[in-house]
1. Run the simple label-point estimate for B:Asp236 and B:Lys114 please: 7 Å along Cα→C-beta, distance reported in nm.
2. Taking the alpha-carbon centroid of each part, what is the distance from region A:204-259 to region B:1-39 in angstrom?
3. Name the residue from A:Ala112, A:His151, A:Gly91 whose Cα lies farthest towards the positive end of the charge dipole of chain A, charges +1 on Cβ of Lys and Arg and -1 on Cβ of Asp and Glu.
4. Compute the FRET efficiency between B:Asp286 and A:Glu119 as 1/(1 + (r/R0)^6), taking r as their Cβ-Cβ distance and R0 = 35 Å, and round to the nearest 0.05.
5. With charges only on Cβ, +1 for K and R and -1 for D and E, what is the dipole size of the protein assembly as shown about its Cα centre, in debye, rounded to 20?
6. Cross-link partners among aspartates and glutamates for B:Lys352, C-alpha distance below 18 Å, same-chain residues fewer than 8 apart left out?
7. Positive end of the charge dipole of the protein assembly as shown (Lys, Arg +1 and Asp, Glu -1 on Cβ, about the Cα centre): tell me which of B:Gly109, B:Ser408, B:Pro29 has its Cα farthest that way.
8. Quick one: putting +1 on the C-beta of Lys and Arg, -1 on the C-beta of Asp and Glu, what dipole do you get for region B:341-403 around its Cα centre, in Debye to the nearest 20?
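The values are calculated or read from the model by the stated rules, or taken from the named source; none is laboratory data. Model, not experiment: these values are computed from the prediction. Note: ideal-geometry Cβ built from the backbone for every residue, glycine included; neighbour counts use all protein chains shown. Heavy atoms of the whole protein, side chains included, go into the accessibility calculation; ligands, DNA and RNA do not. Shrake-Rupley method; radii C 1.70, N 1.55, O 1.52, S 1.80 Å.
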Amino acid sequence: MILDVSHVTVYRYDASMRSAVQSLRLFPSRFDGQRVIRWSVEVVGGMRGGSFRDGAGDKIESWSLRGPLQEVVIRVEGQVETVDLAGVLRGHRELAPPEAYLRETLATDADAAIRTLAEDAIEGISGDLEKAHALAGAVAEAIAYRPGVTHAHTTAAEALKLGEGVCQDHAHALIAAARHVGLPARYVSGYLFAGADGEPHEAAHAWAEVFVAGLGWVGFDPANGCCPDDRYIRLGSGLDARDAAPIRGLARGEGEESLDVTVALAAAQQ
Amino acid sequence: MTTYFNEMFENDQVRAPYARLEDWMRAMPAELRQMKQAEAEALFRRIGITFAVYGEGGDPDRLIPFDMFPRVFAQNEWRRLERGIKQRARALNAFLTDVYGRGEIVRAGKIPAKLVYQNEAYERAVVGFQPPRGIYSHIVGIDLVRTGPDQFYVLEDNCRTPSGVSYMLENREIMMRMFPQLFRENRIEPVDGYAELLRRTLASVAPAKCDRDPTIAILTPGHFNSAYYEHSFLADLMGVELVEGADLFVEGGFVWMRTTRGPQKVDVIYRRIDDSFLDPLCFRPDSMLGVPGLMDVYRSGGVTIASAPGAGVADDKAIYTFVPEMVRFYLGEEPILENVPTWQCAKPDELKYVLEHLPELVVKEVHGSGGYGMLVGPKSTKAQIEAFRAKIEDDPDNYIAQPTLALSTTPTFVEEGIAPRHVDLRPYCLVGEQIELVPGGLTRVALTEGSLVVNSSQGGGVKDTWVLAE
C-alpha cells in the first residue's frame, strides 16, 4: 500500500516565549514492512540541530527556535510504501537488548489486576508468540475502546480498572501484562490508515511490540484486535508512551501552551 | 578479639614509611597540637570548604574534621595500588562500552542480563552511542580498605561523579602551610597536578567535531548543592567556567554558554549533576537543573559529557561483585585488587547464610550510599539486628552483605593524645587519552573509637595522604 501522510502539530502560547527546543522522533522506521518514498519534517522558522539513530533504531532530530514565539509549528509530509508482515518487525536494525524492555515504568506498572489478567490469559499456553496473542486478546476484551475517558497520564492499571480507554491504554496494559510474564514489551507510536473509503481520517496511533524468541519484535494492536499490517506506519518505540513520544519539546517563557494536532492519512492512487 | 593492622606500628616497631614521623609526633606538646588544630580549622573555614562527601547529605555548612596526622604509603605499596586501580578503571570502562554496545559479557553468560539491562542506572537512551575514545567514566573514584601489610580490598567503585578530591588537595595545602619542615624531611609525591591532569583528561575526550582547543565547563546543580564548593574550586583551578543549566542552551547541534561577550560553544561538560536531571526532554521532565536538548546534542556528537550518561550501571553494588570477572573478560588479566567477598541477598541460599550470620556481617542497601541504611553487625545491638533482619526479609533483592573487615588503623590525634583510628582510601583515577592517577587520594578516618564507619555523616574525618618518593 502507498500511504500519504500529512501531520501538523501546532503549539500555541498565550504569551510570547523566549525560546523552544524540540526533539523529534517523526521518521518512519527502516524495516522490511515499509519504505519511504519521500518524507520531510520541518519546524517552521526553526534551526535544525543534530540528528542520529538511537539504539532502538529510531531516527531522532533536534530543532531549536529563537523567540519571541507565539507558536511552534511542526510539519510532517510524506509518502511511504508498506507491506503486510503480520506484525513482524523484520529487517529492523537495532542494538538495544530485549531485556532492557522488561523494566517497569509508572505507566506500565503491573498491579494485582494486571498480574491476574496476564497469568489467567497464558494459563496452559506455551510458546511466546501464542502467549503474546493471548495477552493481546485478553487486554482487548478487558478494555473497551472509548475515547475521552482516559488522558495522557492514565496508567495501565487505571485503564484496566476503568475497563475503557484508547490505543495508548491498550498498549500500556499489554506491555505491563507481557513484562509481568517475562516477555519484553515496548510501546510503538505511528500512524494508522483506517479509512477504506478513501477519505482522510484521524490517524495518529499507538500499539505494542512483544519480543518473541526466534522471531524478534512482533507488533500487537489490541485496540483493533490485530497485528500491524500494511495500513500501519511505524515511527518509534520506548518503554511507554512518554518514552516513545514522537515529539518532545520545551519552550521557555511564562505562556500557557495549547496544542492542535491534525493527522491525515490517505491511500495514494496507484 | 579482632586484631587490626596498624599502619605505623607493627609489633612495637615503627614501619618504614612512618619513620620520620615518630619524632615529629613525640615532640609535639599538647598545647602546640591544640594550637595547630585550631589553626587548621581556621584555615578550612577561611577557604570555605564545608561540604559533605558524595551522597552523604547532611549539613552543607558543616566542617568535616581534619586530622593532622598524615597517612603514609611507601612508593612500592603505592605502585601496586596504582596498577590495580588503573586496571580496574580500564575494566569498568570496557564494561560500559560493551553493555551499551553488543553486550558480549552478558552473551557469554558472565553477568546476568537482568542485573545489567533492568538496572535503574542502565540508560537505554545511550545504547549504541560511542562516546569519544570509548570512555564513559572519566573520573573513577575507587574506595579501598586495607587489612594487612599487603592486603587491600575494593569496597566500591564510583563511576559517576565521585567527590572529595578538593579535600585531597586542601588537606595537602594546609599540611604544607602548617608543617613545612615535614615536607623537607620527607620526600612526598605532590598531588597539586590533579587539576591540570583533570583538564587534560577532559580536553582529550572532546568530540571529533571540535577542531580547536576545547572549551570545558563544569555543570553544577548550584550553590545549594553540598559539593558546590568543590565544583567552584575545580573550575577555578582548571581555569574553566562553572555553569548551571540555565547558563547553557542548545542550537544547531551544539551546546552554547551565555557569556558577557555573547554565546560561546562548549565542547566538554564535566557534569556534577545526576543523569536524571541532565535534560528534561530525555530524562525527568520536571528537572530545572539540566539543559533541554542536551542529550540530542550529545548523541549526535556535538558535545562530550563526563562522566557519560549511563556510566552508573558500572558502579552499582550488585554489579560490583562481577568487576574481577570484567578484568579477566576484557583485559585477560588477573585482578590486582581484590573485591570484598559479597553475599547477594537476592539469591535464596546466600540470603539464608546472611540471615544466620547477621551479628558478624555488614549489610548494605544495593543502591544506598554514605553509610546510611546499613547494618554493622558486630557494632549493633540485638534489637538493631532484629529490626534490620525484618527489612532484609521484606525486600531481599535490595541488600548485599559482606564480612566485617578488619580495617587498618593509623595514628590519629584525639582528645587523649594520639590513638589508632580506622581509615579507608579513595584515590581518583582519571581516564582520557591517558590513564592518570595522582599519588595518594582522600583518606577518611573514623574518629570515634572502635568505629569502622568512615563516612563524614557518621563522625568521620579526613587526613592528608602521602606517597613517599623512592
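1. Result for the modelled spin labels: 5.0 nm.
2. When both Cα centres are located, 66 Å separates them.
3. With unit charges placed on the Cβ atoms, the residue in question is A:Gly91.
4. 0.50
5. The dipole of the protein assembly as shown has a size of about 1740 debye.
6. Counting by Cα, and skipping residues close in sequence, B:Lys352 has these aspartates and glutamates nearby: B:Glu360, B:Glu365, B:Glu386, B:Glu393, B:Asp394, B:Asp395, B:Asp397.
7. Farthest towards the positive end: B:Pro29.
8. Values: 7 positive and 10 negative charges, 47 e Å.
That gives a dipole near 220 debye.
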